[in-house]
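Below is one structure, written out as structure tokens, with a few remarks after it.
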Amino acid sequence: ISLKSYLLTNLDPGKALGSPVLSFIRRTMALMALGINPYSGTAINYIQKIVDAFDGSQIGEANLVNDDIFALLVLRKAGFDSTDNIVQATTKFILENQKPDGSWAGGVDMTSAAIQALSLVPDIEGVSRSLQDAGAYLKSQQKSDGGFGNPDSTSWAMQAIVALKEDWRDWEKNSQTPGEYLLLLQRQDGSLDSPLPVWSTAFAVPAAHGKTWGMILQDFEKAPLFK
């Protein structure tokens with residue numbers, strides 16, 4: 001059975017740790033990557049599930065920012081724009097949760113995700129400065145081997161660099177780029193040497209091709225219900 005067929009017939013997105021809405025967001029991202037309409041492509045309107053988790057100022061759990069970051073990414077690809085209240089409020093919440101050093105959740109991974117989401121709303125006040133600070137934080141976290149501590153974080157950072165309209169090939173540390181760091185970890189069978197090689201290799205493929213999540217997810221028109 002193909003992955004697309006599975007997603008069309010198995011509607012249970014599973015459970016995500018921390019925030020229930022994250023399970024629907026992750027499933028929505030998978031659907032959109034495969035060109036399946038998240039509004040009407042299955043028996044569940046996944047965008048409605050995300051919108052229902054909006055409390056007027058943020059999405060999902062108030063003590064978490066990761067659900068807001070990924071929700072913003074999905075909503076922008078689902079036809080919502082910077083004039084929509086849910087996009088404006090969620091963006092504001094994300095900006096308010098940025099740490100003084102430019103990071104989110106104190107790490108490369110979530111900062112890279114936030115950069116990719118915020119890059120889709122560049123016209124909202126405060127986003128441009130936020131992206132500058134986040135980019136500076138990522139630069140400070142690059143290690144002497146060119147990577148960002150591990151293959152997964154390195155792949156996420158490479159996508160963020162592209163979202164910042166830069167080329168990861170120009171991000172050198174000791175003449176080593178993030179891509180060269182990943183290449184050194186590649187094993188003979190093509191996978192990356194890591195505790196979870198399938199995950200790490202999957203993350204590395206779009207990163208090496210310079211594809212952000214905003215490029216990978218297909219665009220869909222906003223459903224009439226939300227217009």
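The values are calculated or read from the model by the stated rules, or taken from the named source; none is laboratory data. Because the structure is predicted, anything quoted here is derived from the model rather than measured. Using ideal geometry, Cβ is built from the backbone for each residue, glycine included, and neighbour counts are taken over all protein chains shown. What goes into the accessible areas is simple: the full protein's heavy atoms, side chains included, and nothing from ligands, DNA or RNA. Shrake-Rupley method; radii C 1.70, N 1.55, O 1.52, S 1.80 Å.
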(request) Filter segment 207-224 down to residues that are farther than 24 Å from residue 132 by Cβ and part of a helix (DSSP H, G or I) and give me whichever is most open to solvent (accessible area, probe 1.4 Å). (result) 224
(message) I need the full set of residues from segment 127-161 which are polar (S, T, N, Q) and either touching a Cys at 6+ places or on another chain (Cβ under 8 Å) or free of Cβ contacts under 8 Å to residues at least 40 places away in the same chain (or both), in order please.
(response) 128, 130, 132, 140, 141, 142, 144
(request) Enumerate the pairs (first residue in segment 166-189 and modelled with pLDDT of 95 or more; second residue anywhere and open to solvent by 100 Å² or more (accessible area, probe 1.4 Å)) with beta-carbon separation below 7 Å, excluding pairs fewer than 6 apart on the same chain, so at least 6 apart or on different chains. (result) 177/169; 179/169
(request) Look at segment 151-209 and say how many of its residues are under 20 Å from residue 30 (Cβ atoms), more than 16 Å from the chain's Cα centre (by Cα) and among the acidic types (Asp, Glu). (result) 0
(message) Are there helices (runs of 4 or more DSSP H) fully within segment 125-200 with at least 2 residues that are open to solvent by less than 40 Å² (accessible area, probe 1.4 Å) and more than 26 Å from residue 87 (Cα to Cα)? List them.
(response) 151-163, 178-185
